[in-house]
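Written out below as structure tokens is the structure these notes cover.
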Amino acid sequence: MYYRPMLCRVLPGFGLILLVSGWNTFGADFSSAVNPTDGWKLAADTKEAIIYSRQHAESRLKEFKAIGAIDASTYAVHGVIDDFENYPKFMPYTLECRLLKREGDSMIGYQRLSPKICEDRDYTLRVWKKSWPGPKGLTYLSQWEAANELGPAEQKGIVRVKVCNGTWLLEPDGPAKTRATYSIYSDTGGVIPAFIANHASLTAIKKLYVAIRNQVKDPKYAAASPASPALARP
């Protein structure tokens, strides 16, 4: 079943972790598995998430894959990631999010981040979504890539990010638990030393998982769940 995306609802959390990551096999697979033979190395094992990294081809920037458990259904977590209009209220670094248009089976959206440690960054993304049922419930996949040519022109004082590719994979681990896998590759925009960017990514990814865990506690995200009695009413 194919769903129209609600833009970078992510980001951030789709394109959120811009200053840090890399992913030279974007679109190759959407598994939460991490195979050391593919170059993945453990970067951090924290309460927020287990984070892996590997070197991006022809770049000193690394690509990242994070896996963390969230105590909520995949439907609810998906709802948080899709809550684009409210990103500036709960997603770290997010200053502005704007839906630009629907186009075919995708949506186009603009996002501006204010990382504090450097100038603001911005980019436009094209986002696709897909979901499918399994024995434990619905799995959701969000996939995005940069589409700056479809968004606002570059602005003075804001650094344009040229590359931002990634996915969210939300797999059910029971009726009220989600295995959330976040994969991202992005350039930094501007001139930021790779070692600083790579280190900053670990902090940013942790904050991303914390933000989603906090936000998903809002009952509104589970109110219209497919398993909700409200949907069973005639």
Could you grab me the full set of residues in the range 155-178 that are acidic (Asp, Glu) and buried (at least 20 other Cβ atoms within 10 Å of the Cβ)?
171
Within the range 183-194, can one find any residue that is at pLDDT 95 or above, surrounded by 16 or more Cβ atoms within 10 Å (Cβ to Cβ) and of a type in the set (Phe, Trp, Tyr)?
no
Against the definition (charged (D, E, K, R) and touching an Asp or Glu at 6+ places or on another chain (Cβ under 8 Å)), how does residue 177 come out, yes or no?
yes
Evaluate the following for residue 130: is it basic (Lys, Arg) and at pLDDT below 90?
no
Determine the pairs where a residue that is surrounded by 12 or more Cβ atoms within 10 Å (Cβ to Cβ), located within the range 208-234, has a partner that is polar (S, T, N, Q) and at pLDDT 75 or above with Cβ atoms under 7 Å apart, the partner being 6 or more residues away or on another chain.
222/73; 225/73
Restricting the search to the range 156-195, which residues are of a type in the set (A, V, I, L, M, F, W, C), outside any loop (DSSP other than H, G, I, E, B) and more than 16 Å from residue 110 (Cα to Cα)?
168, 169, 170, 180, 184, 194, 195
Go through the range 96-143 and give me each residue that's among the charged types (D, E, K, R) and within 29 Å of residue 176 (Cβ to Cβ).
129, 130, 136
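Only one of these is at pLDDT 90 or above, among the hydrophobic types (A, V, I, L, M, F, W, C) and over 15 Å from residue 163 (Cβ atoms): 95, 7. Name it. Steps first, answer last, please.
Working: 7 fails: at pLDDT 90 or above.
One residue alone meets the criteria, 95.
Kindly establish whether residue 56 is at pLDDT below 90 and either of a type outside the set (Gly, Ala, Ser) or within 24 Å of residue 121 (Cα to Cα) (or both).
When the stated conditions are applied, residue 56 passes them.
The values are calculated or read from the model by the stated rules, or taken from the named source; none is laboratory data. For clarity, every value in this text was computed on a predicted model and none was experimentally measured. Here the Cβ is made from the backbone with ideal geometry for all residues, glycine too, and neighbour counts use every protein chain on show.
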